[in-house]
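This report concerns only the one structure given below.
The values are calculated or read from the model by the stated rules, or taken from the named source; none is laboratory data. The structure presented is a predicted model; accordingly, all values stated were derived computationally and were not measured. Here the Cβ positions follow ideal geometry from the backbone for every residue, glycine too, while neighbour counts run over all protein chains shown.
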Amino acid sequence: MASEERIWQSFREQVVAGELLGSPFTSRLGKLMLARLDRSSAVGRRILSWEGDPGTRGDILPTRLAGALHALVIDGKDDELRAAYPPNDVSDDALWAAIRQAFETHETFILERLAFAPQTNEVRRSSALLAGFLTVAERLGKPLILSEFGASMGLNLNWDRYRYDLGGLLWGDPSSPVELRPDWEGPPPPRADITVEDRAGCDLNPLDPHAPEDSLRLLSYLWADQTDRVVRTRAALDIARQHKAPVVRGDALAWLRDERLKTLRPGTVHVVFHSIAWQYLPPEARTAGEAIIAEAGRRATQEAPLARLQMEMDDDPNSASLSLQIWPTGETRELARVDPHGRWVKWKGWEI
């Protein structure tokens, strides 16, 4: 069982994350929990007796709780809680009273939601991913085969169905309801023709855009005061219902090893990609995953190259690294530093 100090530290991390990523309400929730959460409710007892790692590199306990509460608001199940949530502005006492009442009224629902790992599918990350795909296309000049590790609902597998402004480079479907215009620093990414020959993803618990409960789950993990993210994700869900990306349920490392990377196809470049997903693997699984991709890299040829595009956190807590590795040479470059939610991109490109 986690120590109470480690549990409280996870809520301090929530406070910092909200401040860093532009969600004052998320920070406020963390502060309220730090000041007022106790064992007088079943929900409080469950949280303060957490069995696993409650932190951001583990079970992300504060996000589980925030998602459960936000789901009650989105689904209209708790009018008092909705009245205390953004865009409404109420006192801390009023907000806590609504939360505390929700703990009692919706105890079973909240306890059930606490048992499940958060599911996020941040569409704005597609801006950085597109810049990486353009780099792959420019350098290798071949159609893409896409394999996404930790694809969730597959919204970022639909990246070529959105419209973009990347530092002045306009790209994509001009009629798309999903517009991505990150704050861009540095030169624009390369211009290149892209053909997607095949795309698929894998996730331990993929969500179905056609299932209302799955859409609610995905939306609930968005931060309640960031309405632009909610609007954008709803638009991406509409696209996913028309163009459902194939996301299979299972062990994504086994899927890569036994299915996707078993044979590299001449005349194409196979791109394995992931965004804020690799970090949630246990260390031994990360090591195994690196070995699987490296083995496929050793089989890559000029006619059947392999690329790995990853947007993941590293030692810099303020940004993620967008990096690209290409085989058969195995060369690696950090293409950019990226806001974890994709709000901004500091682009460097392949040729530094």
**Item:** Index of the failed condition, Glu331 passing every other in (1) free of Cβ contacts under 8 Å to residues at least 40 places away in the same chain; (2) in contact with a helix residue (DSSP H, G or I) (Cβ under 8 Å, 6 or more places away or on another chain)
**Value:** (2)
**Asked** Within region 160-200, how many residues turn out to be touching a residue at least 12 places away in the same chain (Cβ under 8 Å), not hydroxyl-bearing (Ser, Thr, Tyr) and not in a loop (DSSP other than H, G, I, E, B)?
**Response** 18
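Residues are listed down the side, and each one gets a yes or a no for (1) within 21 Å of the chain's Cα centre (by Cα); (2) modelled with pLDDT under 95; (3) farther than 30 Å from Gln14 by Cα:
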residue: Asn121; (1), (2), (3): yes, yes, no
residue: Leu155; (1), (2), (3): yes, no, no
residue: Trp159; (1), (2), (3): yes, no, no
residue: Glu185; (1), (2), (3): no, no, no
residue: Val196; (1), (2), (3): no, no, yes
residue: Gly201; (1), (2), (3): yes, no, no
residue: Ser220; (1), (2), (3): yes, no, no
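Just checking, which of Gly201, Gly267 is among the small types (Gly, Ala, Ser) and surrounded by 13 or more Cβ atoms within 10 Å (Cβ to Cβ)?
Result: Gly201 is the single residue among Gly201, Gly267 that is among the small types (Gly, Ala, Ser) and surrounded by 13 or more Cβ atoms within 10 Å (Cβ to Cβ).
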**Asked** Pairs, please: C-beta under 7 Å, at least 6 apart or cross-chain, first residue without any contact (Cβ under 8 Å) to a residue 24 or more places away in the chain and in region 94-121, second crowded, with 18+ Cβ neighbours inside 10 Å?
**Response** Ala94/Ala84; Ala98/Leu81; Ala98/Ala84
**Prompt:** Hey, among Val90, Val15, Val43, which residue is hydrophobic (A, V, I, L, M, F, W, C), in a helix (DSSP H, G or I), outside the structural domain of Asn205 (by TED's automatic domain parsing) and surrounded by fewer than 21 Cβ atoms within 10 Å (Cβ to Cβ)?
**Reply:** Val15
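Scan Ala320, Ala252 and give me the residue that is over 23 Å from Val345 (Cβ atoms) and either aromatic (Phe, Trp, Tyr) or assigned by TED's automatic domain parsing to the domain that holds Asn158 (or both).
Values: Ala320 fails: over 23 Å from Val345 (Cβ atoms).
Result of the check over Ala320, Ala252: Ala252.
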**Prompt:** Is it the case that Arg298 is more than 17 Å from the chain's Cα centre (by Cα) and surrounded by fewer than 20 Cβ atoms within 10 Å (Cβ to Cβ)?
**Reply:** yes
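Could you list, in sequence order, all residues of region 72-86 that are out of contact with any Leu (no Cβ under 9 Å at 6 or more places or on another chain) and in a helix (DSSP H, G or I)? Spell out the reasoning first.
Kept after step one, since they are out of contact with any Leu (no Cβ under 9 Å at 6 or more places or on another chain), are these residues of region 72-86: 76-77, 79-80, 83, 86.
Answer for region 72-86, where residues must be out of contact with any Leu (no Cβ under 9 Å at 6 or more places or on another chain) and in a helix (DSSP H, G or I): Asp79, Glu80, Ala83.
Please tell me if Leu157 is surrounded by 20 or more Cβ atoms within 10 Å (Cβ to Cβ) and touching a Pro at 6+ places or on another chain (Cβ under 9 Å). Outline the logic, then answer.
Details: surrounded by 20 or more Cβ atoms within 10 Å (Cβ to Cβ): yes; touching a Pro at 6+ places or on another chain (Cβ under 9 Å): yes.
In short, yes.
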**Message:** So Ala83 passes all but one of these: (1) at negative phi; (2) surrounded by 22 or more Cβ atoms within 10 Å (Cβ to Cβ). Which condition number does it fail?
**Reply:** (2)
**Complete:** All-but-one check, Ile276 against (1) surrounded by fewer than 16 Cβ atoms within 10 Å (Cβ to Cβ); (2) at pLDDT below 95, failing number (1)
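Would you call Arg181 of a type in the set (Lys, Arg), more than 25 Å from Ala66 (Cβ to Cβ) and under 19 Å from the mean Cα position of the chain (by Cα)? Before you say what the answer is, go through the steps one by one.
Numbers: of a type in the set (Lys, Arg): yes; more than 25 Å from Ala66 (Cβ to Cβ): yes; under 19 Å from the mean Cα position of the chain (by Cα): yes.
Yes; evaluated as a whole, the condition is true for this residue.
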**Request:** Only residues in region 49-64 that are farther than 16 Å from Glu4 by Cβ and at pLDDT below 95 count as the first member; pair them with residues that are assigned to a loop (DSSP other than H, G, I, E, B) and among the small types (Gly, Ala, Ser), Cβ under 8 angstrom, at least 6 apart or cross-chain, and list the lot.
**Result:** Ile60/Ala117
